[in-house]
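All remarks here apply to the structure that follows.
The values are calculated or read from the model by the stated rules, or taken from the named source; none is laboratory data. Computed from a predicted structure; not experimentally measured. Here the Cβ positions follow ideal geometry from the backbone for every residue, glycine too, while neighbour counts run over all protein chains shown.
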Amino acid sequence: MDPQLARVEEHEHEHIVPRSLYYAVFAALMVLTAVTVGAAFVDLGVLNVGVALGIAVVKAALVVLFFMHVKYSSRLVQLVVLASIFWLLILFLITLSDYVTRGWMAAPQLVR
Amino acid sequence: MSPDITPTSTASATVTAAGAVMPARHYLNESGGWQSWLLTTDHKRIALLYLFSITALFFVGGFFALAVRLELLTPAGDLMTSDTYNRAFTLHGVVMVFFFLIPSIPATLGNFLLPLMLGAKDLAFPRINLLSWYLYIIGAAFAVAAMVGGGVDTGWTFYSPYSSMASNSRVLTGAVGVFISGFSSILTGLNFIVTTHRMRAPGMTWFRMPLFVWAHYATSLIMILGTPVVAITILLLAYERVLRVGIFDPNIGGDPVLFQHLFWFYSHPAVYIMVLPGMGVISELVAAFSRKNIFGYSFIAFSSLAIAILGFLVWGHHMFVAGITPYSALVFSIISFLVAVPSAVKVFNWTATLYKGSVSYETPMLYTFGFIGLFLIGGLTGLFLASLGLDVHVHDTYFVVAHFHYIMVGGTLMAYLGGLHYWWPKITGKLYPEGWAKLSALMVFVGFNLTFFPQFIVGYLGMPRRYHMYPPEFQVLNVLSTAGATILGAGYVLPMIYFAWSWRNGRIAGSNPFQARGLEWETTSPPPTFNFDRTPLVTEATHSYAHEEARVA
Amino acid sequence: MQPGTPLFPEQASTVAARVDNLYFFLIATSAFFSVLVTVLVIVFAIKYRRRHADEVGAPIHGSLTLELVWTGIPFIIAMVIFVWGASVFFAIVRVPDETLDIYAVGKQWMWKFQHRGGQREINELHVPADTPVRIILTSEDVLHDLYLPAFRVKMDAIPGRYTQLWFNATKPGTYHLFCAEYCGTKHSGMVGSITVLAPDEYQAWLSGGAAEGTLAQQGEKLFADLACYTCHAAGTGQRGPELGGVFGSTVRLASGETVVANADYVRESILNPAAKVVEGYQPIMPTYQGQVSEEQLLALTEYIRSLTAPGAPAPEPGVSTPPQGGTAAPQPGEPDR
Amino acid sequence: MPDGALAHPAGHPPAHAAAHPRLQHHFDTLGQQKDAASLGMWVFIAQEIMFFGGMFTAYMVFRMWYPAGFAAASNELDIVLGGINTAVLIGSSLTVAMAVHASQEGRQRQIVWYLVATLVLGVVFLVIKYFEYTAKLFPHHLHAGGEGVLFPAVGWFDVGATPLAAVAPEVRIFMVIYFALTGMHALHMVVGIGILLVILWMARRGAFTPKWYTPVEIFGLYWHFVDIIWIFLFPLLYLVNRHH
């Protein structure tokens, strides 16, 4: 006899976040938006893409963790979030395995 | 166990059900009228709606298969024009893949059994479950409209730029049908995942779940994470076809290989959407008809997950000669070989389950033996296709056609039929006629091999797929194949007849005619609308046959 | 093209035997495992058949050792096949340094071949035996795939881009040539034959010749007809870069990047000149999209390929010195059979 | 189960005795029901991520292929409108988060007002998007169909009836992907606003209590997800090459 009831084991617990946190996150998001616009006007070479994407990731993380309560959610919900990011990366990276290597063999082979 | 079960008399005899009675009220007679079916939220009734609709679509797809096989009797294109032939094989593929194989086991057996096996009253979102059936029907209606309106001639793969720029057929209508039915599949997967996580009966821990549920959980992962990619790809294709935008068309800057990447990102894992539920069914059948807990439970469970995950990394093996780089091909090839390992693990575990079992040969078990044999050949020939140097030769030949029919028809369809026979008493409360069922299992097995084994040979000889006319030296093998298809077709019609017959006239089954284990056998046959008179409390793993005698005593 | 009902394709190229050896190994492996599992299933099913109605199986839950064994052994075998398959694959895709080049353009629903000597063929291809032959492929419309089963090679022909396949035919004879990528109505009619000739017969066949001169000469004429020389003429070219010696070199672009001037680059520069402008030049060249066919593009490419840098020695002709002149060449667009 | 160990009789479990009117028959508790709904939404979002992922893959490939074309085309977009829309959408994320918060604390009037604010911001976003589309595109010509002309790019660059070939493919492809991504995003906004209207109606009737406000929370998750998509779209579409 297993005393543990499967249905109970994954229950989320209500977590009420103080309002001030929402305002702080909102302020951070607005500041980051301004930063990303500003950074776009500075020539950072190849880094421009990295900075823009980096800031976007931070902003998305703020929304996910606080607005969407993932920081306070069950492990399962956190796993769903991580899994979907992981699969998105699979789609990107493995597709890139073709596109990045496109020049490697075709060029010298077709030159002669 | 329930007292109303008479044990089976001998190993080979058909199940006897003397003394079994139908429950007074069950999900089939709880309410009547067409609204009670078309507006039902009962997962069991929705499963039956799916059963009827996919069976209808199966015969539509089968009709086109027959047309293709008849045309290929002779090397010349004498039965129909090339355009008609191209539409026939396209519609065969589209209907069978998107409207039969993908929903087959999950939407019927999965829908019916998942809540029962978990001890739940329904799926987590019953209305979404109904919605997904309607989406399936709307998608199928578009597919049928495409057929009636002149057909689609792109092949089920919809390769651009042919589909987006060149084809004069009903590509858009067909694509919309596939797009909509994709969301049916996504919603089914969503429902299964949430149900598995949130609706298990008390005590039903992850490692007590039937392997059928594990397989469906893995399948649902693919449905959720893969299907949307093909949906957007189809949408982009429609965008391109309507507005000539040039994402895939190289003449205006696009890349046709990108279409193939995005298409196969889903459509390769989709093969596992088709076969994983079949593996789940087989895991149940092997245990039930060996009266034994499955050998290496956790290895089978995790191999399902491994297949689901690794299956996402191998799509490029459809594209070895499509213009991807050899380096990329290496990556896809090595991971493709890795997928073979968990599949092999499953086969070995099923085999080992028979060891010291109590094996009986009822129809579902015959389908199981058939599945193991055909899946072995299908899986092993997958190695041929995964190995780069060999794939260059056999890619897009009948070798490939034979390989994936061994997996999808030899695997999925055998498991589907086996599962349908096994759970038929649960679904209808009636037994199927064992003699006829054994005959049809035999016909399917023989007919299948006769149809598709010659295709390996003709494929290695170099006959390309989707050929309306072919060089005369391939004729003998093609005639064999068509002959086999005839037997196969008869083998498929037979169950439809005796299943329909048995629904009214079959003997009453009782709640557990096979003396199998699992929560679905703990309730009546057919089950009540909310599945269990009392919510079960699970105290041990699903297939604990060895304790049964003690428990009965 | 074998008579009767063959069960195995002819081996007519150097890689065919390597592919077949891998095939036989895989068949042996598959047969071994199929027989193993089938025998075990049959033996267990009979030996442990149900003998009385209430019998249940023994409570055997699994064996870690067995699981490791049947995970490990398939893994090792799979890796062996992977390495073997990959090595055969690289033999197929890695083109030797010296090849006889033939251009192929797929079009709904025919294969058009152009030899460097200017000969054209449709749905038929003549190649010499014992010579590495490279076919450079593209397509005018949709995807096609050139498939030569007797040589165990195939490759997609992709519109907008060049792909290639190569083989070294070992046995003179006539073999199937298929389109293996579905391309519409007459996909199954997009077939033909490839004829392998002994080298001396091949030379005789070539001397049938081409009325319009070599492919490079055809390109030169086109170069003049399209007035390309107004900007690209040697020595005078101020508006457009000089083309002598460009082919195969690394070109520096206005964007600061570099690109190898291969066939794809030449093609892109004609059809979409603004995409990769050479450093020091203005993007003033008009596009020739829609004005030159794929075959003409190949002729232009071949011409540019033949140009040498000012002052450089004459180009290495490779193994295929294109024959000049001739009278009996098939006309373009007309099947020569 | 054979040993008769039962949690409770189905159909009338103890939880249902004093059952919340919102508890559906097949769940045991409101908590289980809410967990299921929230997990369902998260799984749906996972699906949405992959849906947009397909388009982002196309974006990635063509940005690698055509860096110059993407830079040129991106600079044609209106960074001010794009920036304002980013702020608007982040603001609406805040208001929807506050609506959920008010539901948790049972402040009925505030739920309604925060939802109204979300609605207004959502509509503002779409209106700005509409002006962005039309101001740049439609006045000149939406040349769908015609041979040799392609719908977005020709109008966008105000080159009139310039034949297809004159607009560099890489510029056109950026615009094509811009329309696909922002169009699909806008479609999600429209759907979101539709759901929002229903929830607003429920909120006005006082349907949400601290014990049961699942629709607000689930809708909030969806709305935040749509916001996140925009957070990525803004730099990827508007800020490709602003430093030139």
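Quick notes on this one:
- Test: residue in region C:275-288 that is under 24 Å from D:ALA72 (Cα atoms), in contact (Cβ under 8 Å) with a residue 60 or more places away in the chain and within 23 Å of the chain's Cα centre (by Cα): no
- Of everything in region C:107-152 that is at pLDDT below 95 and hydroxyl-bearing (Ser, Thr, Tyr), the residue that is farthest from the chain's Cα centre (by Cα) is C:THR131.
- Matching residues in region B:333-363 - criterion: being buried (at least 24 other Cβ atoms within 10 Å of the Cβ), over 24 Å from the mean Cα position of the chain (by Cα) and over 23 Å from C:ILE46 (Cα atoms): B:SER333
- Residues satisfying the criterion are present in region C:261-268 (criterion: in a loop (DSSP other than H, G, I, E, B) and either out of contact with any strand residue (DSSP E or B) (no Cβ under 8 Å at 6 or more places or on another chain) or farther than 25 Å from B:PRO250 by Cβ (or both)).
- Of all residues in region C:81-104, those satisfying the criterion of being farther than 12 Å from C:VAL153 by Cβ, of a type outside the set (Gly, Ala, Ser) and within 14 Å of chain B (Cβ to nearest Cβ) are C:ILE81, C:PHE82, C:VAL83, C:TRP84, C:PHE90, C:ARG94.
- Residue selected from region A:18-47 under the condition at the interface with another protein chain (Cβ under 7 Å from one of its Cβ atoms) and polar (S, T, N, Q), by the criterion surrounded by the most Cβ atoms within 10 Å (Cβ to Cβ): A:THR36
- Unique match (being facing chain D (nearest Cβ under 10 Å), of a type outside the set (Gly, Ala, Ser) and not in a helix (DSSP H, G or I)) among B:PHE259, B:PHE265, B:PHE248: B:PHE248
- Selection status of B:VAL286, assigned to a loop (DSSP other than H, G, I, E, B) and either more than 14 Å from chain D (Cβ to nearest Cβ) or not hydrophobic (A, V, I, L, M, F, W, C) (or both): no
- Test: A:ALA56 is facing another protein chain (nearest Cβ under 7 Å) and either in a helix (DSSP H, G or I) or touching a helix residue (DSSP H, G or I) at 6+ places or on another chain (Cβ under 6 Å) (or both): yes
- Members of region C:65-98 that are part of a helix (DSSP H, G or I), surrounded by fewer than 17 Cβ atoms within 10 Å (Cβ to Cβ) and in contact (Cβ under 8 Å) with a residue 40 or more places away in the chain: C:ALA91
- For the residues A:GLY103, A:GLY38, the requirement of being in contact with a strand residue (DSSP E or B) (Cβ under 9 Å, 6 or more places away or on another chain) and either modelled with pLDDT of 95 or more or of a type in the set (Gly, Ala, Ser) (or both) singles out A:GLY103.
Quick grid of which residues meet (1) more than 8 Å from every other protein chain (Cβ to nearest Cβ); (2) farther than 24 Å from B:TYR239 by Cα; (3) surrounded by fewer than 23 Cβ atoms within 10 Å (Cβ to Cβ):
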{"position": "D:THR57", "(1), (2), (3)": "no, no, no"}
{"position": "D:ALA71", "(1), (2), (3)": "yes, no, yes"}
{"position": "D:LEU77", "(1), (2), (3)": "yes, no, yes"}
{"position": "D:VAL80", "(1), (2), (3)": "yes, yes, yes"}
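- Pairs where the first residue, in region D:74-90, is farther than 13 Å from A:ALA27 by Cα and in contact (Cβ under 8 Å) with a residue 12 or more places away in the chain and the second is among the β-branched types (Val, Ile, Thr) and part of a loop (DSSP other than H, G, I, E, B), C-beta under 6 Å, 6+ apart: D:SER74/D:VAL240
- Verdict on B:PHE302 being of a type in the set (Phe, Trp, Tyr), surrounded by fewer than 24 Cβ atoms within 10 Å (Cβ to Cβ) and either in contact with a Ser or Thr (Cβ under 9 Å, 6 or more places away or on another chain) or free of Cβ contacts under 8 Å to residues at least 60 places away in the same chain (or both): yes
- The one condition in (1) within 14 Å of chain B (Cβ to nearest Cβ); (2) closer than 21 Å to B:VAL392 by Cβ; (3) modelled with pLDDT of 90 or more that C:GLY184 fails to fulfil: (2)
- Of all residues in region B:358-379, those satisfying the criterion of being out of contact with any strand residue (DSSP E or B) (no Cβ under 9 Å at 6 or more places or on another chain) and more than 17 Å from B:PHE212 (Cβ to Cβ) are B:GLU362, B:THR363, B:LEU366, B:PHE369, B:GLY370, B:GLY373, B:LEU374, B:LEU376, B:ILE377, B:GLY378, B:GLY379.
- Verdict on B:PHE399 being in contact (Cβ under 8 Å) with a residue 60 or more places away in the chain, surrounded by 21 or more Cβ atoms within 10 Å (Cβ to Cβ) and either of a type in the set (A, V, I, L, M) or assigned to a helix (DSSP H, G or I) (or both): yes
- Filter result for the condition that a residue is facing chain C (nearest Cβ under 9 Å), in contact with a Pro (Cβ under 9 Å, 6 or more places away or on another chain) and under 30 Å from B:LEU91 (Cα atoms), over B:GLY484, B:GLY462: B:GLY462
- Just one residue in the set C:MET155, C:MET190 is under 16 Å from the mean Cα position of the chain (by Cα), within 16 Å of C:LYS112 (Cα to Cα) and in the same structural domain as C:TRP109 (by TED's automatic domain parsing); that residue is C:MET155.
- Restricting region C:19-50 to residues that are basic (Lys, Arg) and facing chain B (nearest Cβ under 7 Å), the residue that is surrounded by the fewest Cβ atoms within 10 Å (Cβ to Cβ): C:ARG49
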